1. Using a Förster distance of 22 Å, how high is the FRET efficiency between residue 101 and residue 26, based on the Cβ-Cβ distance and rounded to 0.05?
2. Within a 10 angstrom radius of the beta carbon, how do 169, 31, 44 rank from fewest other beta carbons to most?
3. How would 116, 159 line up from fewest to most surrounding beta-carbon atoms within 10 angstrom?
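Values in this text are rule-based calculations from the coordinates and carry no lab data. This is a predicted model, so every value here is computed, not measured. Note that each Cβ is placed from the backbone with ideal geometry, even for glycine, and that neighbours are counted across all protein chains shown.
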């Protein structure tokens, strides 16, 4: 499996990182989680490695989200503590725009159902319809319809956020 895993790593690592990034919105963390996925693959030697990689990646991202919620709760408790409040440097206009755009996309993704979000992210990661069906429990024939509807809902949610943002700044 060594050569097979090496080939899988070479051909899939970037898409696994992209998939994880769209779940955790932190490039460094996405790379760390992707490395963990491949380490686990070396230990488990799965029969269907590509689908297995994305299943493990989804689980790790879910665990990461839970940990982030716990950290956020902890930080909320500490927010009034002047010792723990770092001074925030002034961000450049580009960084602010990137953060706003990322927040809108994240908000639009969050507005989707779990199934729609999962199908979109798996498709964006380069998984085939049969692989998406296996991962999500959908019938292969339902993946395309679900994906088309999810794309429309994502665009609609993003547009709503854009319009709300414009209205707030008017």
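1. So the FRET efficiency works out to roughly 0.90.
2. By the 10 Å Cβ count, ascending: 169, 44, 31.
3. 159, 116
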